[in-house]
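The values are calculated or read from the model by the stated rules, or taken from the named source; none is laboratory data. These numbers come from a predicted model, not from an experiment. Note: ideal-geometry Cβ built from the backbone for every residue, glycine included; neighbour counts use all protein chains shown. In case anyone asks, the SASA skips ligands and DNA or RNA and just uses the protein heavy atoms, side chains included. Shrake-Rupley method; radii C 1.70, N 1.55, O 1.52, S 1.80 Å.
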Amino acid sequence: MDEKFAPHLEELTRALGDIENTGIRAEFEKLIAFRVPPDVAKESILRKFGGKRKVLKIKDLSANLKNFELTGRILDLGEKSIRPPEGGKEGPSRLYTGVLADETGSVLFSSWKELPGSIGDVINIKNAYTRIWQNRIRLSIGEQTLVSKVSDSALPPISELSGSQAKKLIEIGAADFSIDIVACVLQLSHREVLAKGRQSRVISGVLADETGRLPFTAWIELPGIDIGSIIRIEGAQVRMFRGMPSVNVLSSTKVSSVEPEDAAKLAFTFESAARDPVPIRIEKIGSRESMFDVAAAGNVVSVRPGSGIISRCPECGRVIQRGNCRVHGKVEGIRDMRIKAILDDGTGSMSVMFPRELAEIIYGKTLEEAEQLMFSDVSKDAVYEDLRRFLTGRYLAVRGNASKGEYGISFVAEKAWVPEDDLAVRVVELLRRLGPDEENGHDACSEISNGGINLA
Ligand SMILES: [Zn+2]
């Protein structure tokens, strides 16, 4: 390349570091080849690669992140050829996939270009992005991503990184790949599923430790393990299902019983782990991507449209409009009842879905009674209006699964009840939140007696 470009290349090196191995020099040369003036080329490269870029660790990865930098060791690498789309002019392209790890975790990646390293090497990735692929976070290396090999990395060696990470259940998230846990089996059941055209027996259930609970699925037999067993699981995979992590026990996973003398040293017993979860603050639920089997309590601040009597497709269970299923067309709908309500406890709010069994309990009317109301009233919203009148302002406790989405926390209730006995506790709590000031305290009292959280 021409001598006259040297000052520009020097400036790029000063600003961006190694420009040879990161492909920045090649990028510069490409622009020059396209007859871009050298100073314009330099500026554009500085803008593209020099901007403030977040440097992340693997544990920080979440869905749909863009333009970050990450360094990791390649634990696994494979390639496959992808057939071009029908009618395309190009030949098959190569896709490189594998696992990248740092001291905080490991992540699946896919790259449309060949990497400057192989298994065991450390690579630095600039301008990467993440996607959700098959319910897992995947690090994507695209055209605009710069990848360079790091020869003197302080990252732990491959033997250390390839081991699973020991985790408590509450710490397990979408970015986890392979984990080691010690937990007790709270629920366990066998079922037959059709997997890859073959009937297989799978075990599914719920695990618990002192921090929380998670569902698990085992694709292998678990001899001697039953409800109440305290087990050590090594090398389980984390899969995401409906926004919730679940522990997958595969043939490569090691499962063993914890000896009673070791179990005695744990921070939980079967009895403590099996205890019903106590309500926690909604704020705390919102601080995590998802929480499995938790409880919360708060006031119903609104009942959402779509609550009340609905019709479902008999084939797929989808909610149908005017006897038409999106998938199955004209069908004879099955009546169902559900309630979607916003629950607020003063620290946060969440959208709670109550299926029929719970809707009937908290509404105090059965589906049949609600139907009678619907038929006896001219307004088609009679049930919805009645639900709003009845539920708004009520104090409820719920237990179920929470996941965070675009519109905040959505919670699917599996249990719901009116915690009548703790009214006094809540009054004290409310007074404390409103401050020690006597006048305020007085106001708060009258607010309560005015029925803000009346339990009638
Ligand atoms: Zn359908």
Restricted to the range 165-274, the DSSP antiparallel beta bridge percent, nearest 5, is 85 percent
Taking only Cα atoms, what is the 0 to 90° angle, nearest 10, from helix 6-16's long axis to the longest principal axis of the chain?
30 degrees
With the 8 Å Cα cutoff and a minimum separation of six or more residues, the range 165-274 has a relative contact order in percent of 28 percent
For a quick size check, give me the Cα extents of the range 114-257 along its three principal axes, largest first, whole Å.
49, 34, 25
What angle do you read, to the nearest 10 degrees and between 0 and 90, between the alpha-carbon axis of helix 367-376 and the longest principal axis of the chain?
70 degrees
Which loop GluC sites (Glu not before Pro) in the range 203-299, with loop taken from DSSP, have no more than 12 other Cβ atoms within 10 angstrom of their Cβ?
GLU221
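Which shape class, rounded, prolate or oblate, goes with the range 3-50 when its Cα gyration tensor gives a ≥ b ≥ c as root eigenvalues, a/c under 1.5 marks rounded, and past that a/b bigger than b/c marks prolate?
Working: a/c = 1.42, a/b = 1.33, b/c = 1.07.
Rounded, since a/c falls under 1.5.
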For the range 1-52 the GluC sites (Glu not before Pro) that pass both the DSSP coil test and the at-most-13 other-Cβ-within-10 Å test are GLU20
Tell me the angle of helix 423-433 to the major Cα principal axis of the chain, expressed in degrees between 0 and 90 and rounded to the nearest ten.
50 degrees
Leaving out same-chain residues fewer than 8 places away, which lysines sit with a Cα under 23 Å from that of LYS380?
LYS330, LYS340, LYS365
For the range 212-218, take each phi angle, set θ = phi - 60°, evaluate the Karplus expression 6.51 cos²θ - 1.76 cosθ + 1.60, and give the result in whole Hz per residue in order, putting x for glycine and proline.
x, 10, 8, x, 9, 9, 10
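Is the shape of the range 347-412 best called rounded, prolate or oblate, per the rule: a/c under 1.5 gives rounded, else a/b larger than b/c gives prolate, else oblate, with a ≥ b ≥ c the square roots of the Cα gyration tensor eigenvalues?
Numbers: a/c = 2.27, a/b = 2.02, b/c = 1.13.
Verdict is prolate for the range 347-412.
Taking Cα pairs under 8 Å and at least six residues apart, what relative contact order does the range 282-418 come out at, in percent? Please report the intermediate quantities before stating the final value.
Working: 280 pairs, mean separation 45.3, N = 137.
Relative contact order comes out at 33 percent.
Accessible area per residue for the chain in Å², computed with a 1.4 Å probe and the full protein assembly in place, what is it? Intermediate values should be presented prior to the final figure.
Details: 25780 Å² over 456 residues.
With all protein chains present, the chain gives 57 Å² per residue.
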Per-residue ³J(HN,Hα) for the range 182-191, Karplus 6.51 cos²θ - 1.76 cosθ + 1.60, θ = phi - 60°, Hz, x for Gly and Pro
10, 8, 10, 7, 8, 9, 7, 8, 9, 8
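For the range 165-274, compute the number of Lys pairs whose alpha carbons are separated by less than 22 Å, excluding pairs fewer than 8 positions apart on the same chain. Show your work: numbers first, answer last.
Details: LYS167/LYS254; LYS167/LYS265; LYS168/LYS254; LYS168/LYS265; LYS254/LYS265.
Going through the range 165-274 pair by pair, I get 5.
Based on the alpha-carbon gyration tensor of the chain and its eigenvalue square roots a ≥ b ≥ c, which shape applies: rounded if a/c is under 1.5, prolate if not and a/b is larger than b/c, or oblate? Spell out each step's value before the answer.
Numbers: a/c = 1.83, a/b = 1.67, b/c = 1.09.
Taking the square roots of the gyration eigenvalues as a ≥ b ≥ c, the chain is prolate.
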If you take every DSSP beta bridge whose two residues both sit in the range 282-418, what share of them, in percent to the nearest 5, is antiparallel?
90 percent
